[in-house]
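Enquirer: Quick one: structure below, then a few questions.
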Amino acid sequence: FGPGHRWSGALSPIWKTFPLSRGNLRSLLTKDFTLSFCFSTGDITQKGYEKKRGKLLSPYIPQIQGVDPSLQLEHRIQTSSQAAPVGSKQNKSRAPNARDERFRSDLHTEAVQAALAKYKERKMPMPSKRRSVLVQSSVEACTPPDTSSASEDEGSLRRQGRIASSTPYQAHPNVEHWFNRVIQGSSTSSSASSTSSHPGGRPHAANSAANTVLADLMAHTHLDNHSAPPDVTGLSERSMHAERPQVASVRGHPRGFNHASVMETGDGVPVNSRVSSKIQQLLNTLKRPKRPPLREFFVDDFEELLDVQQPDPNQPKPEGTQMSPLEGDPLGVVTNWPPALLASLQRWGTMYPKSPCLTALDNAGKAVYTLTYGKLWTRSQKLAYTLLNKLSSRNEPLLRPGDRVALVFPNNDPVMFMVAFYGCLLAELVPVPIEVPLTRKDAGSQQIGFLLGSCGVTLALTTDACQKGLPKAQTGEVATFKGWPRLLWFVTDGKHVVKPPKDWHPPIRDASNEIAYIEYKTSKEGSTMGITISHAAMLSHCHALTQACGYTEGETITNVLDFKRDAGLWHAVLASVMNRMHVISIPYSLMKVNPLSWIQKVHTYKARVAVVKSRDMHWSLLAQRDQRDISLISLRMLIVADGANPWSISSCDAFLNVFQSRGLRPEVICPCASSPESMTVAIRRPPEMGIPPPGKAVLSMSGLSHGVIRVDTEEKLSVLTVQDVGQAMPGGTSVRRPGTPYLCQTDEVGEICVSSGTIGVAYYGLPGMTKNIFETIPVTSSGSPISDRPFTRTSLMGFIGPDNLVFVVGKMDGLMVVSGRRHNADDVVATALAVEPMKFVYRGRIAVFSVSVLHDERIVVVAEQRPDASEEDSFQWMSRVLQAIDSIHQVGVYCLALVPANTLPKAPLGGIHISETKQRFLEGALHPCNVLMCPHTCVTNLPKPRQKQPEVGPASMIVGNLVAGKRIAQACGRDVAQLEDNDQARKVHFLYMQDVLQWRAQATPDHPLFLLLNAKGTVASAASCLQLHKRAERVAVVLMEKGRLNTGDHVALVYPPGIDLIASFYGCLYAGCVPVTVRPPHPQNLATTLPTVKMIVEVSKSVCILTTQAIMKLLKSKEAAAAVDVKTWPLVLDTDDLPRKRPLQIYKPPTPEMLAYLDFSVSTTGILAGVKMSHAATSALCRSIKLQCELYPSRQIAICLDPYCGLGFALWCLCSVYSGHQSILVPPLELETNVSLWLSAVSQYKVRVTFCSYSIMEMCTKGLGAQTEALRLRNVNLSCVRTCMVVAEERPRITLTQSFSKIFKDLGLSPRAVSTTFGCRVNVAICLQGTAGPDPTTVYVDMRALRHDRVRLVERGSPHSLPLMESGKILPGVKVIIANTETKGPLGDSHLGEVWVSSPHNATGYYTVYGEEALHADHFNTKLSFGDTQTVWARTGYLGFLRRTELTDASGERHDALYVVGSLDETLELRGMRYHPIDIETSVIRSHKSIAECAVFTWTNLLVVVVELEGPEQEALDLVALVTNVVLEEHYLIVGVVVVVDPGVIPINSRGEKQRMHLRDGFLADQLDPIYVAYNM
């Protein structure tokens, strides 16, 4: 161990238990290390290794009673990282591994394993995935730049001590145990705990056992066949021809259910074990309190206050004195010091032309070319002369001194780069070295383009070979890269440059503050900045490096780093020329092939100095056994350029352990710290300078997260061991706090700031950022500046330790501030890698960054998964990583994603491009193959759940409204009596529809009432008044004679949309029967549509079915028998061939209150409800619609609706007969073959009033959006339309109606024409825009207030605003009031409550609410608890509010607008607030372009989001994080489950409404065939 090693840090805990003297321990450690080494490199077998190690350690192991010492040993061994790999036989000559060891200190690995052991592993539900998604994109054959060619079978490695603990599920009756099953640990304590807790535990068949335990526990009830009603309205138009059977649209008869496999949850929902057991696991995981509850506060006002994290009173605070700035050594004065770097070049080039400057190697490690100082000098001059004199455009020189030039050179050509760099300096041009762009879409390439553009670069220098390899455009020129300016490419090879004339000499001026070169850096956010370095800074930095490193003339230096920037440029291109040193440049491609190459070159060239990164040391460790005869004795300085990474210490220690025997002296390892802005900040001096010994600190991670330094003495798990990076460079250094630049206290971590002449000057062209970074003035605690010189922020976080040594604990770029605590991305990477990295993570490639969600940073971990890792393994690894990070860092991971190997964006030298990875994550373009989100554990700043306040009584409510001057929210349509004073109408004021039809058949026999169009737009059939009457009479005869039906019998009409349906309806009325219209089953989808028909027939107690011959055959077919019991159909009559007979008499009902027809429909919540419509209500309904829409016999209206229930049925079957207008009937199904059918018909017949549904509007918007021009050429003109009404029972879909108006504006559609209607079960038509009256108004309400059942009007565009459109005008004769849902008292204007309605056309009651009769008794006759307590109202079940507007209606009164917010049944009660699914769904659909549709529902208080993916399946997992983020941000809700499905899976009824409850049943019954199901933890 080197000097300054702390024993506590350097010893792994295994050894601490052994009673040994230090000498014994040293020899024992050496022997054990050698043994481990032979083993890891495959020199001995595992068995041999264990035997020898057992022998070696047996004298020292205290006997544990009754336990075989070799067993104990196995448990002990496994944590040491050298002992981890087990050489398999095939694996004899193990190729070098990857960078995953780079971050592993043995200590940390042990800490992680011990932390994991402490956890009783919570069994998390594993995400489920469709098989096709599992097929990974194959790993490209080429080795990625980040790697050495690591052996691919590391997956076969196992750790010895795992056998004891690998019993995944002990057979155990207690389910709690099953969920908390012990971790399959690979650490001593976990193995011990799992074996000792079950002395007789046998390994058990894992999954089946798990499932049966759960199934037995939960399957205590069976499924009742009528647990829930089916969908009558059936499936959407868009899913009619689905190949896959639709999600069970019959809740009573789920597909493929046998009683045994079904269990019910607490709320009686049938579930299938697979999905529900996972949800149950999720609930059990979430039930455990995560951390002590934080002090939360919540004000029940509109502003929901997010919980502000209160600082922990016990958190450590800095206690030290205020530090004083640290002064570096003064720069030494040297007599012959050159006045400029170029002067050195000239001097060496002319005085020592043969002296070697740079040796370049090929991929085999052979020296291909050595550049001498003479050659460098002459070739640079040639290039300088050529650039200034031979390049011109329009006879003007292309370049002038001071212009910026891009240097695009590959990493294997240092010679050409060096010539180009010095050539530019000699020509007084400013070189901007950048990476070679390999493809048009390189990670970060666009930002590089921005840098080049902002620097005004017009010329790029490159080599001939490189230019040939660049992507080309069609013209053969180099392609323009995305975001790049137009560049001229100039090849600097010999044949393109000319020799300068004898009298031309480049100007060599003294170093000034002019810009010498620009080095680029990429910020945390991914933007690229150019840092300008002046000639003076370049010179003094070389001077400082020379002094700090003790460089002497003619030394040999080996460089492995990128020579275009950072330490590679500073040491191997600049300082080397200053000192006439010889650089051996090791290309990155050679390191990939032979990681030992740099050590071999040190040996061959007797190099005094090597510049490397810890990764290079790590790689060479893994390959070193191939070389016995190398010596590092010549090295006086091994500069570790990334010494500022706290995890470099493990590479340094391990490297020293192995190479000390090859002549490496401990004191030559010199970590350094640098940043692009401040160049080298600190470096450990070489041993000959008489410096104090290096230091090590073992720091508490918890202290560091609070920004204080606490040396950890208690050997806790969460410690960080850091090494110093030496003394400050000549100049000055200080440490400041984030925020206001106060000087830190001595025990506080802050950002290191530097003030000296050796640092960058500015960000090119970014004065604001420059001021922030390059011109900071640190102040003392009293606020006085410490110096008049500005300091530059280095973005390194650290402190100054004893002996003025600088310690760095992290970078600002990797800093993540979560709930006020600071975490370093590198530390989190190290912890993740310590959890069995070899097995899962592909070559140690892990990216850690934070994203801002809900006003706090959230940690995201993305790792590349090995191609051979199984689903189970990966998930297991993921859950353990979460636990490890939680234990060690006390912070939750928000999202952990695994992507296929080789798919993360790469930085130029093979690392991971973090900002690009983050960008892809946020855009949903990362395409992970596994995702685990943990919002429940991470998001601790949600607002407190709302507590319901005790309700204010209804009386006080009214008084309060009166005092406040608010009117009670009540409104009514026009008075019917006043409107009907013309004689004609009074004459036709019939109470019975059958009378109206008879009267019309006599008065206007040939007047056409109906035209039915087919898909071609031609009239398929038509009916005049007389034809309809005659047909109805014949139907009546069939019912009476063939059917022998009695008065009042119920008849099911199962017809496709058409005139037969209408005729049969009136035929039933003529015969005194009660018609029930039923949508016919879909022939391609009998399994789900036929049970619905059956159920309505049964529930409505129909004694007869009237239908067509085709459907009659279908009902009794073999296919039908598979879906329902066909023997139990009632009498089925077809009406295709009717007898030419008239009934003896037409039935006259004794009173208008008699039942006219039944209207059956399924609500979106899946409740099948039939309402009773009396004769009086039926004619009152027709009368109101006639008055509102001004319908007369001379009018034509077009109807594109389903004719089976609600307003659609009324418009299709009743209104034309009542008002005498002609109806053009467009069956919605026909639009599937001809989308433009409806609009063409409207245009052709010059219709003024038309009705459609949202699904039709959506079809037209999507299907015809791009075809408006073609329609115009076919003379489609919509200027005739005065009102186009969408028939709906929901909140108006304002975005859809607006886009419809916008698209068809080109065809003459007036933007004022489109409006919506509103109806519900208790009253099918409450609002309808009609032809008179003001246009519908739109208001904006605050969505957060809505959740609290309040209306708060806001301006358009304000945050959280939600537009609500008025649902049309209230119909004549209809009265509406807004009532409090709980107290049933009336509410004031603009208050949210339930809409109650009173009108002559209210339905008279439910015929049956399938299964819920008692609950709905008060829906049709309820009274206010206060105020007008006499009027009988019907409750609509919808939330809404009335608002008096400034507009006047037809009667001259101020107009009252009704705004419908949503159905009460649909709302989700979460966190004490009321959410409308549509609001959450709108947010989700906006979150990613591939989400076609979305539906949400709750299950046991978990929010489940189902999204339809319209894109490649690999995008499925991208959606999980985006959906979770957007719902958190906009609704303050945590999504429990995200289900990704194919388009068309979300069931939609004929009105275009989502059937969320059907979807829920399908999900729980595992019938959705999802692409992916993610259970958020």
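Enquirer: Does segment 1110-1121 contain at least one residue that is open to solvent by less than 30 Å² (accessible area, probe 1.4 Å), at pLDDT 90 or above and within 19 Å of Pro1203 (Cβ to Cβ)?
Expert: Checked against the condition, which is being open to solvent by less than 30 Å² (accessible area, probe 1.4 Å), at pLDDT 90 or above and within 19 Å of Pro1203 (Cβ to Cβ), segment 1110-1121 yields at least one hit.
Enquirer: Quick one: how many residues across segment 1055-1074 are within 21 Å of Ile1111 (Cα to Cα) and part of a helix (DSSP H, G or I)?
Expert: Final tally of qualifying residues: 10.
Enquirer: Looking at (1) more than 36 Å from the chain's Cα centre (by Cα); (2) more than 17 Å from Glu519 (Cβ to Cβ); (3) not β-branched (Val, Ile, Thr), which is the only condition Pro471 fails?
Expert: (1)
Enquirer: Still on this structure, I have one more. Can you run down the residue pairs with Cβ atoms below 6 Å, 6 or more apart or on separate chains, where the first is in segment 1427-1456 and surrounded by fewer than 12 Cβ atoms within 10 Å (Cβ to Cβ) and the partner is assigned to a strand (DSSP E or B)?
Expert: Arg1454/Arg1444
Enquirer: Still on this structure: Within segment 834-875, can you find the residues that are under 21 Å from Pro127 (Cα atoms), more than 22 Å from the chain's Cα centre (by Cα) and assigned to a helix (DSSP H, G or I)?
Expert: Result: Lys839, Phe840, Glu872, Asp873.
Enquirer: If I ask for residues that are out of contact with any strand residue (DSSP E or B) (no Cβ under 6 Å at 6 or more places or on another chain) and of a type in the set (Gly, Ala, Ser), which ones from segment 1012-1031 would you list?
Expert: Result: Ala1015, Gly1017.
Enquirer: Output yes when any residue across segment 1134-1150 is of a type in the set (Val, Ile, Thr) and under 14 Å from Leu1090 (Cβ atoms), and no when none is.
Expert: Checking segment 1134-1150: not a single residue is of a type in the set (Val, Ile, Thr) and under 14 Å from Leu1090 (Cβ atoms).
Enquirer: Quick check: is even one residue across segment 1474-1482 part of a strand (DSSP E or B) and within 30 Å of Arg974 (Cβ to Cβ)?
Expert: no
Enquirer: Only one of these conditions is not met by Ser795: (1) part of a helix (DSSP H, G or I); (2) modelled with pLDDT of 90 or more; (3) of a type in the set (Ser, Thr, Tyr). Which number is it?
Expert: (1)
Enquirer: May I ask you to say which residue of Arg858, Arg821, Arg793, Arg789 is open to solvent by less than 10 Å² (accessible area, probe 1.4 Å) and either of a type in the set (D, E, K, R) or touching an Asp or Glu at 6+ places or on another chain (Cβ under 6 Å) (or both)?
Expert: Arg858
Enquirer: A further question follows. Need the failing condition index for Leu1090 against (1) open to solvent by less than 10 Å² (accessible area, probe 1.4 Å); (2) in contact (Cβ under 8 Å) with a residue 40 or more places away in the chain; (3) part of a helix (DSSP H, G or I), just the number.
Expert: Status for Leu1090: all satisfied but (2).
Enquirer: Within segment 696-719, which residues are modelled with pLDDT under 85 and touching a strand residue (DSSP E or B) at 6+ places or on another chain (Cβ under 9 Å)?
Expert: Across segment 696-719, the qualifying residues are Val711, Asp712, Thr713, Glu714, Glu715, Lys716, Ser718, Val719.
Enquirer: Oh, and also: Using the structure shown, decide if Asp464 is over 37 Å from the mean Cα position of the chain (by Cα) and open to solvent by less than 60 Å² (accessible area, probe 1.4 Å).
Expert: For Asp464, the condition - over 37 Å from the mean Cα position of the chain (by Cα) and open to solvent by less than 60 Å² (accessible area, probe 1.4 Å) - is met.
Enquirer: Can you give me the ranges of the strands (runs of 3 or more DSSP E) entirely in segment 1241-1356 with at least 2 residues that are open to solvent by 40 Å² or more (accessible area, probe 1.4 Å)?
Expert: 1338-1342
Enquirer: Quick one: which of Tyr1055, Tyr1066 is touching a residue at least 60 places away in the same chain (Cβ under 8 Å), open to solvent by less than 20 Å² (accessible area, probe 1.4 Å) and on the phi < 0 side of the Ramachandran plot?
Expert: Tyr1066
Enquirer: Being open to solvent by less than 10 Å² (accessible area, probe 1.4 Å) and under 18 Å from Gln998 (Cα atoms) is the requirement here; does Leu1231 meet it?
Expert: Taking the combined requirement at face value, the residue does not satisfy it.
Enquirer: Quick one: what pairs do we get from segment 1274-1291, first residue polar (S, T, N, Q), second open to solvent by 40 Å² or more (accessible area, probe 1.4 Å) and in a loop (DSSP other than H, G, I, E, B), C-beta under 8 Å, 6+ apart or different chains?
Expert: As it stands, the answer is Ser1279/Ser1310; Thr1283/Arg1248, since those pairs meet every condition given.
Enquirer: Sticking with this structure for a sec: Filter segment 660-684 down to residues that are assigned to a loop (DSSP other than H, G, I, E, B), more than 25 Å from Gly530 (Cβ to Cβ) and in contact with a Gly (Cβ under 6 Å, 6 or more places away or on another chain), then give me how many there are.
Expert: Within segment 660-684, residues that are assigned to a loop (DSSP other than H, G, I, E, B), more than 25 Å from Gly530 (Cβ to Cβ) and in contact with a Gly (Cβ under 6 Å, 6 or more places away or on another chain) number 1.
Enquirer: Can you pull out every residue in segment 335-358 that is more than 24 Å from Pro507 (Cα to Cα) and surrounded by fewer than 21 Cβ atoms within 10 Å (Cβ to Cβ)?
Expert: Pro356
Enquirer: A further question follows. Condition first: touching a strand residue (DSSP E or B) at 6+ places or on another chain (Cβ under 8 Å) and under 15 Å from Pro1056 (Cα atoms). Now tell me which residues in segment 1209-1241 satisfy that.
Expert: Across segment 1209-1241, the qualifying residues are Phe1209, Trp1212, Cys1213, Leu1225, Val1226, Pro1227, Pro1228, Glu1230, Leu1231.
Enquirer: Of the conditions (1) outside any loop (DSSP other than H, G, I, E, B); (2) at pLDDT 90 or above, Leu1424 fails just one. Which one is it?
Expert: (1)
Enquirer: Then there's this: When you go through Pro485, Pro433 one by one, which is the residue that is within 37 Å of the chain's Cα centre (by Cα) and either part of a loop (DSSP other than H, G, I, E, B) or surrounded by fewer than 23 Cβ atoms within 10 Å (Cβ to Cβ) (or both)?
Expert: Pro485
Enquirer: Moving to a separate point now. Pull out all pairs, ordered by first then second residue, where Cβ-Cβ is under 8 Å, the residues are six or more apart or on different chains, the first lies in segment 382-395 and is open to solvent by 50 Å² or more (accessible area, probe 1.4 Å), and the second is at pLDDT below 90.
Expert: Pairs that qualify, where the first residue is open to solvent by 50 Å² or more (accessible area, probe 1.4 Å) and the partner is at pLDDT below 90, are Asn389/Pro397; Ser392/Leu398.
Enquirer: Also: Going through segment 900-910 one residue at a time, which ones are in a strand (DSSP E or B) and open to solvent by 20 Å² or more (accessible area, probe 1.4 Å)?
Expert: Once the filter is applied, which keeps residues that are in a strand (DSSP E or B) and open to solvent by 20 Å² or more (accessible area, probe 1.4 Å), segment 900-910 yields only Lys906.
Enquirer: Filter segment 1189-1200 down to the residues that are open to solvent by 10 Å² or more (accessible area, probe 1.4 Å) and not basic (Lys, Arg) and list them by number.
Expert: Hits for segment 1189-1200 are Glu1190, Tyr1192, Pro1193, Ser1194, Gln1196.
Enquirer: Looking at Ala1015, Ala1087, which is the one that is in contact with a Lys or Arg (Cβ under 8 Å, 6 or more places away or on another chain) and farther than 24 Å from Ile1146 by Cβ?
Expert: Being in contact with a Lys or Arg (Cβ under 8 Å, 6 or more places away or on another chain) and farther than 24 Å from Ile1146 by Cβ holds for just one of Ala1015, Ala1087, which is Ala1087.
Enquirer: Okay, next question. Regarding Thr546, is this residue among the polar types (S, T, N, Q), touching a strand residue (DSSP E or B) at 6+ places or on another chain (Cβ under 9 Å), crowded, with 19+ Cβ neighbours inside 10 Å and not in a loop (DSSP other than H, G, I, E, B)?
Expert: In short, no.
Enquirer: Kindly indicate which of Ala884, Ala897 is touching a helix residue (DSSP H, G or I) at 6+ places or on another chain (Cβ under 7 Å), within 18 Å of Leu833 (Cβ to Cβ) and either surrounded by fewer than 24 Cβ atoms within 10 Å (Cβ to Cβ) or aliphatic (A, V, I, L, M) (or both).
Expert: Criteria check complete, one pass: Ala884.
Enquirer: Which count do you get for residues in segment 1017-1052 that are open to solvent by 60 Å² or more (accessible area, probe 1.4 Å), more than 30 Å from Ser1236 (Cβ to Cβ) and either out of contact with any helix residue (DSSP H, G or I) (no Cβ under 7 Å at 6 or more places or on another chain) or free of Cβ contacts under 8 Å to residues at least 12 places away in the same chain (or both)?
Expert: 6
The values are calculated or read from the model by the stated rules, or taken from the named source; none is laboratory data. Model, not experiment: these values are computed from the prediction. Glycine gets a Cβ as well: all are built from the backbone with ideal geometry, and neighbour counts include every protein chain shown. In case anyone asks, the SASA skips ligands and DNA or RNA and just uses the protein heavy atoms, side chains included. Shrake-Rupley method; radii C 1.70, N 1.55, O 1.52, S 1.80 Å.
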